[in-house]
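Worksheet for the structure shown next.
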Amino acid sequence: MTRVKICGITREADRDVAVDAGAAAIGLIAGVTVDTPREIDLETAADLADSTPPLVSTVLVTMPEDEATARERIAQVQPDVIQLHAADLDLVTALHDAPAQVVVAADPADPDLRSYADAADALLVDSVDEEGGGGTGETHDWERTCELVADLDVPVILAGGLTPENVAEAVETVQPFAVDVASGVEADGGVKEYDAVRQFVERATRDRVEP
């Protein structure tokens, strides 16, 4: 079954709805260099991570400038997973022994995609903006991502422009390990729309077609 990550959680109430809907992971955006209404400070991220129920993964979505900063953020927030955006390959490799699994966000057309996949625990394929931040809300070539799922040895997480209306088709086309959504289940920036969260999780998990 395809797993679901609800990203850009800013409040306990939104986190709780995502968990109750069946999300496997929640994303906490902190320490990024792009402007987003979903960013929270590291202290809030730590509080949300600490109070998340067992068996739901907490993901710190961040853009550290170096290894020391990445490790400091992991120590402070204590997430299960750190999701890196705009990270160079040396940083990803340096975190191989970090006390959190490492997910790297990348554009499916990135020529270094396979090298990133080899260095990380999972690859998040997203539509990346000029600053490398992802979260553009735009879809990309699902057929190309489907080929990556078949060829790579690490789990592939599909992101970019997913909504309750298109997630079932995306899952059927790509067959990813997981799907990731933020703006696609929001009424306003940074505030989740609860019916949309529930519909997204239901359709992502219910409508999967096995290859």
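Only one of THR52, THR36, THR44, THR62 is under 13 Å from GLY190 (Cβ atoms) and either under 17 Å from the mean Cα position of the chain (by Cα) or of a type in the set (A, V, I, L, M) (or both); which?
Numbers: THR52 fails: under 13 Å from GLY190 (Cβ atoms); THR44 fails: either under 17 Å from the mean Cα position of the chain (by Cα) or of a type in the set (A, V, I, L, M) (or both); THR62 fails: under 13 Å from GLY190 (Cβ atoms).
The conditions single out THR36.
Please count how many residues of the range 3-30 are surrounded by fewer than 24 Cβ atoms within 10 Å (Cβ to Cβ) and touching a residue at least 60 places away in the same chain (Cβ under 8 Å).
8
Among the residues that make up the range 185-192, is at least one of them touching a Lys or Arg at 6+ places or on another chain (Cβ under 8 Å), within 20 Å of ALA122 (Cβ to Cβ) and charged (D, E, K, R)?
no
THR163 fails exactly one of the following numbered conditions: (1) in a helix (DSSP H, G or I); (2) modelled with pLDDT of 90 or more; (3) touching a helix residue (DSSP H, G or I) at 6+ places or on another chain (Cβ under 9 Å). What is the number of that condition?
Tallying (1) in a helix (DSSP H, G or I); (2) modelled with pLDDT of 90 or more; (3) touching a helix residue (DSSP H, G or I) at 6+ places or on another chain (Cβ under 9 Å), THR163 fails exactly one: (1).
Consider GLN78 carefully, then state whether it is of a type outside the set (D, E, K, R), within 16 Å of the chain's Cα centre (by Cα) and under 30 Å from VAL17 (Cβ atoms).
no
Among the small types (Gly, Ala, Ser), at pLDDT below 95 and touching a Lys or Arg at 6+ places or on another chain (Cβ under 9 Å) - does that describe any residue in the range 94-114?
Yes, the range 94-114 contains a residue that is among the small types (Gly, Ala, Ser), at pLDDT below 95 and touching a Lys or Arg at 6+ places or on another chain (Cβ under 9 Å).
I need the full set of residues from the range 4-23 which are closer than 14 Å to ASP180 by Cα and either outside any helix (DSSP H, G or I) or among the basic types (Lys, Arg) (or both), in order please.
VAL4, LYS5, ILE6, CYS7, GLY8, ILE9, GLY22, ALA23 - these are the residues of the range 4-23 that are closer than 14 Å to ASP180 by Cα and either outside any helix (DSSP H, G or I) or among the basic types (Lys, Arg) (or both).
Go over the candidates THR62, THR52, THR33, THR69 one by one and state the one that is buried (at least 18 other Cβ atoms within 10 Å of the Cβ), in contact with a Gly (Cβ under 9 Å, 6 or more places away or on another chain) and not hydrophobic (A, V, I, L, M, F, W, C).
Being buried (at least 18 other Cβ atoms within 10 Å of the Cβ), in contact with a Gly (Cβ under 9 Å, 6 or more places away or on another chain) and not hydrophobic (A, V, I, L, M, F, W, C) holds for just one of THR62, THR52, THR33, THR69, which is THR62.
Does THR173 count as modelled with pLDDT under 95, farther than 22 Å from TYR116 by Cβ and either in contact with a Lys or Arg (Cβ under 8 Å, 6 or more places away or on another chain) or outside any loop (DSSP other than H, G, I, E, B) (or both)? Give the steps one after another, and end with the answer.
Details: modelled with pLDDT under 95: yes; farther than 22 Å from TYR116 by Cβ: yes; either in contact with a Lys or Arg (Cβ under 8 Å, 6 or more places away or on another chain) or outside any loop (DSSP other than H, G, I, E, B) (or both): yes.
So THR173 fits the description; yes.
Which residue is modelled with the lowest pLDDT, if the candidates are limited to the range 138-160 and must be part of a loop (DSSP other than H, G, I, E, B) and more than 13 Å from the chain's Cα centre (by Cα)? If you could, list the steps in order and put the result at the bottom.
In the first step, residues of the range 138-160 are kept if they are part of a loop (DSSP other than H, G, I, E, B); the result is 138-141, 152-155, 159-160.
Now drop any that are not more than 13 Å from the chain's Cα centre (by Cα), which leaves 138-141, 152-154.
Details: GLU138: 55, THR139: 64, HIS140: 62, ASP141: 77, LEU152: 89, ASP153: 89, VAL154: 94.
By that ranking, first place goes to GLU138.
Taking only pairs six or more apart or across chains, which ones have beta-carbon atoms under 6 Å, a first residue in the range 40-61 that is closer than 20 Å to VAL181 by Cβ, and a second residue that is of a type in the set (A, V, I, L, M, F, W, C) and part of a loop (DSSP other than H, G, I, E, B)?
Filtered contacts from the range 40-61: ILE40/ALA30; ALA45/ALA30.
The values are calculated or read from the model by the stated rules, or taken from the named source; none is laboratory data. Here the structure is a predicted model, which means the values were calculated and not measured. Neighbour counts are summed over all protein chains in view; Cβ atoms, including those assigned to glycine, are modelled from backbone coordinates with ideal geometry.
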